[in-house]
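Contents: one structure, followed by commentary.
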Amino acid sequence: LIQGSLPEQLSRLESLKVLDIRKNNMTGTLPEFSWAFPDLRVLKLSNQGTGNDVGLVGPIPESLANLGFLRELHLSKNSLSNTIPPELGNLAQLTVLDLSHNKLNQSIPSNLGSIAVLDLSSNNLTGKIPFQLGSLTDSNIRLKGNANLSAPAPLSLCSIENYIDLWEDIHFCPVQRLALADFYESAKGGERTENDDWLDNYLDYCEWRGVTCDERKNVINLILPNFGLSGKLSEKISKLEALETLDLSSNNMKGSIPSEIGSLSKLTYLRLCYNEFTGQLPSQLGDLQHIELLQLHDNRFKGIVPSIKLEKRGFNES
């Protein structure tokens, strides 16, 4: 085992490309690597703390950014503290950065988006999760174990399954926000000329236009008549389990009504009139036990109208 600091003999290996000395007993601060190993491609110093030893301590030196050929940097399971140097984001060839299980604090630099594997889990990081981390479609981002990170996580990071390890954490990636985003994209809301707050990375989805939530942040109303929607109604609408009012009237929506709409057990008002919906009406509409107002006219439906029992509250089926 290597005890204490880096052996002086290693500094003579100027052409060294891979330095892997994980699971030793190194202590103190990170040494200067850029002048000793300018051609370094891989640096692995993880897991130096064993037993009562804390391993490497202090800040991560900005000078690591001078290792212009560095592809992998592994510093996990030490006691490194202070900030993550944003200069690491300037390493054009860096694809793996593992700083997990340390004592790093403050915010995550926004320029780490080109790193394919980014593990910052189990630290003391704070602030918003930068949406720029999602610049690579095949990235793997790990942030669990940072109790002081601000929620929610950026919508763009939550929208891709397994892209970020928080995607199943409803605190950071609320299911209803994802369902609304899927609805909006399927309905081609992004083609609208009017700018609004839909799909904002950080804005509370309950503040998106046409959305109303209860005190538990459950979506109860989705009211978007004459909103310029021209796509299809997503089956993910069923994820809005507390929905009471759905009004998409006077748009230009197409396709069929998904059968999943029948699972919206609390739905009382359903207005899909004045669109271009086609196909047969799903029989699951008959499962809407609390429906009071149902308007489906002026579409292009065909076939048999399913049996639907309306609540007698003075409203008529049309």
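The values are calculated or read from the model by the stated rules, or taken from the named source; none is laboratory data. Every value quoted in this text rests on a predicted model; they were computed, and no experiment measured them. We place every Cβ from the backbone using ideal geometry, glycine too, and count neighbours over all the protein chains shown. Remember, those area values only see protein heavy atoms, side chains included, never the ligands or the DNA or RNA. Shrake-Rupley method; radii C 1.70, N 1.55, O 1.52, S 1.80 Å.
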- Message: Quick check on the range 125-148. Is at least one of its residues assigned to a loop (DSSP other than H, G, I, E, B) and under 22 Å from L243 (Cα atoms)?
- Response: no
- Message: Considering only residues that are among the hydrophobic types (A, V, I, L, M, F, W, C), out of contact with any strand residue (DSSP E or B) (no Cβ under 6 Å at 6 or more places or on another chain), under 22 Å from K188 (Cα atoms) and outside any loop (DSSP other than H, G, I, E, B), which ones fall in the range 246-297?
- Response: I261
- Qualifying residues in the range 118-145 (those that are open to solvent by 30 Å² or more (accessible area, probe 1.4 Å) and at pLDDT below 95) - the one nearest to P86 (Cα to Cα): Q132
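So that you can scan it fast, the table gives a plain yes or no per residue for (1) open to solvent by 10 Å² or more (accessible area, probe 1.4 Å); (2) closer than 24 Å to T27 by Cβ; (3) of a type in the set (D, E, K, R):
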position: L80; (1), (2), (3): no, yes, no
position: Q93; (1), (2), (3): yes, no, no
position: L97; (1), (2), (3): no, yes, no
position: K103; (1), (2), (3): yes, yes, yes
- If you go through the range 82-91, how many residues are open to solvent by 10 Å² or more (accessible area, probe 1.4 Å) and closer than 23 Å to A147 by Cβ? 3
- Message: Between S230, S238, which is open to solvent by less than 40 Å² (accessible area, probe 1.4 Å), touching a Lys or Arg at 6+ places or on another chain (Cβ under 6 Å) and either at negative phi or assigned to a helix (DSSP H, G or I) (or both)?
- Response: S230
- Query: I108 fails exactly one of the following numbered conditions: (1) farther than 29 Å from P38 by Cβ; (2) open to solvent by less than 50 Å² (accessible area, probe 1.4 Å). What is the number of that condition?
  - Reply: (1)
